[in-house]
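A short write-up of the structure that comes next.
The values are calculated or read from the model by the stated rules, or taken from the named source; none is laboratory data. Keep in mind that this is a model prediction, so the values were computed, not measured. Using ideal geometry, Cβ is built from the backbone for each residue, glycine included, and neighbour counts are taken over all protein chains shown.
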Amino acid sequence: MARHVAAAASEIAPGGRKLVEVAGRAIVVFNLAGDFFALANRCPHQAGELAKGALCGLVKSTEPGVYEYSRRGEMIRCPWHSWEFDIRTGQSWCDPQRIRARRYDVKVARGSELVEGPYVAESFKVAVENDYLVIEI
């Protein structure tokens, strides 16, 4: 699998998101408390742009009138028809067995790990002797 630099980690604050293009694909990168996740910017229902969706949490109910709200900001709601997807997995909550948003792996890498570059500065040993700079070549 090819690796692509999408953005600097510092560009996406915790709780934020950024729409990027990678290899011709529109991908939304999310920062959930310092962990990064990426989904295709396309709802599998009718292709709504997930980057424009509202962040929300997970609502569960064990019985009528009893609700539990958890995972605040870890779900994305499609702006077209309100289908909700787990940002961590891409799993749909309207049909979790069949429908998922396309998920991409995201890793944070130091710049020096990605590209060392073809340019290396030539260096020389320098010493000070009686107030004269001496360079060894």
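In this structure, is VAL20 buried (at least 16 other Cβ atoms within 10 Å of the Cβ), under 26 Å from ALA109 (Cβ atoms), within 15 Å of the chain's Cα centre (by Cα) and without any contact (Cβ under 8 Å) to a residue 60 or more places away in the chain? Criteria met by VAL20.
Here is a check on your reading of the model: is PRO79 touching a Leu at 6+ places or on another chain (Cβ under 9 Å), surrounded by fewer than 14 Cβ atoms within 10 Å (Cβ to Cβ) and not basic (Lys, Arg)?
On the way: touching a Leu at 6+ places or on another chain (Cβ under 9 Å): yes; surrounded by fewer than 14 Cβ atoms within 10 Å (Cβ to Cβ): no; not basic (Lys, Arg): yes.
Against the criterion (touching a Leu at 6+ places or on another chain (Cβ under 9 Å), surrounded by fewer than 14 Cβ atoms within 10 Å (Cβ to Cβ) and not basic (Lys, Arg)), PRO79 does not qualify.
Looking only at residues of segment 5-17 that are farther than 20 Å from ILE76 by Cα and loosely packed, with under 13 Cβ neighbours inside 10 Å, we find that the one that is modelled with the lowest pLDDT is VAL5. Looking across segment 65-97, just one residue is among the charged types (D, E, K, R), in a loop (DSSP other than H, G, I, E, B) and within 18 Å of the chain's Cα centre (by Cα), and that is ARG88.
Residue check: SER70 meets all listed conditions (1) surrounded by fewer than 12 Cβ atoms within 10 Å (Cβ to Cβ); (2) at pLDDT 95 or above but one, namely (2). Remark: pairs (first residue in segment 61-86, farther than 20 Å from HIS45 by Cα; second residue β-branched (Val, Ile, Thr) and not in a loop (DSSP other than H, G, I, E, B); Cβ separation under 8 Å; 6+ apart in sequence or on different chains) = TYR67/VAL59; GLU68/VAL59; GLU68/THR62; TYR69/VAL59.
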